[in-house]
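All of the numbers you see were taken from the coordinates with simple rules; none came from a lab. The model shown is predicted, which means the values in this text are computed figures rather than measured ones. Using ideal geometry, Cβ is built from the backbone for each residue, glycine included, and neighbour counts are taken over all protein chains shown.
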Amino acid sequence: MALELGTPAPDFSLKDQNGQIVSLSSFKGKKNVVIVFYPFAFSGTCTGELCAMRDDLGSFQNDNAELLTISCDHMFSQRAFAEKEGYQFPVLTDFWPHGAASKAFGVFDEERGCAVRGTFIVDKEGILRWQVVNGLGDARNAGDYKAVLASL
């Protein structure tokens, strides 16, 4: 179920790879937020997508924007993944309650117990401005995110 553009994005508070709580609402009035749900840490396509953002981090994490990546993997898996790949952005765990944020955004795959590839851009007022949802094996184009952020 897709969320409706122009409506408030569902809020969440999740632990990052270091155990720190990150809430979507904490960016309200401050930054646009790119939320990237991905199925599994260490999988090929997920690693490729996140590494592409890592390599162009200034486009996604700056004075105007924040990048939040989310999967249902445990915090310790997220930490090992972030350390191995050198991610300098929040790698959030939607592990427990299992998939709660993924479900709120309509990207949880009940059969597999993971998020599908959903990307959401939320403006500084907490309003959903853009979204794309791909299947498990379908990589996304990070250039699309940059174009949307540039328009906000």
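Some values worked out for this structure:
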| item | result |
| --- | --- |
| Within region 102-152, tally of residues that are in contact with a helix residue (DSSP H, G or I) (Cβ under 8 Å, 6 or more places away or on another chain) and β-branched (Val, Ile, Thr) | 4 |
| Enumeration of residues in region 1-46 that are closer than 14 Å to Leu128 by Cβ, aliphatic (A, V, I, L, M) and in a loop (DSSP other than H, G, I, E, B) | Met1, Ala2, Leu3, Leu5, Ala9 |
| First in region 13-35 and without any contact (Cβ under 8 Å) to a residue 24 or more places away in the chain, second anywhere and assigned to a loop (DSSP other than H, G, I, E, B), Cβ under 7 Å, 6 or more apart | Ser23/Asp11; Ser23/Phe12 |
| Failed item in (1) acidic (Asp, Glu); (2) under 29 Å from Gly29 (Cβ atoms); (3) not in a helix (DSSP H, G or I), with Glu49 passing the rest | (3) |
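Residue-wise test of (1) within 15 Å of Ala100 (Cβ to Cβ); (2) under 16 Å from the mean Cα position of the chain (by Cα).
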position	(1), (2)
Ala2	no, yes
Leu5	no, no
Phe12	yes, yes
Gln17	no, yes
Val22	yes, yes
Val36	no, yes
Phe42	no, yes
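Let's see how each residue does on (1) in a loop (DSSP other than H, G, I, E, B); (2) within 20 Å of Ser26 (Cβ to Cβ); (3) out of contact with any His (no Cβ under 8 Å at 6 or more places or on another chain); (4) aromatic (Phe, Trp, Tyr):
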site: Asp63; (1), (2), (3), (4): yes, yes, yes, no
site: Phe76; (1), (2), (3), (4): no, no, yes, yes
site: Ala82; (1), (2), (3), (4): no, yes, yes, no
site: Tyr87; (1), (2), (3), (4): yes, yes, yes, yes
site: Glu111; (1), (2), (3), (4): yes, no, yes, no
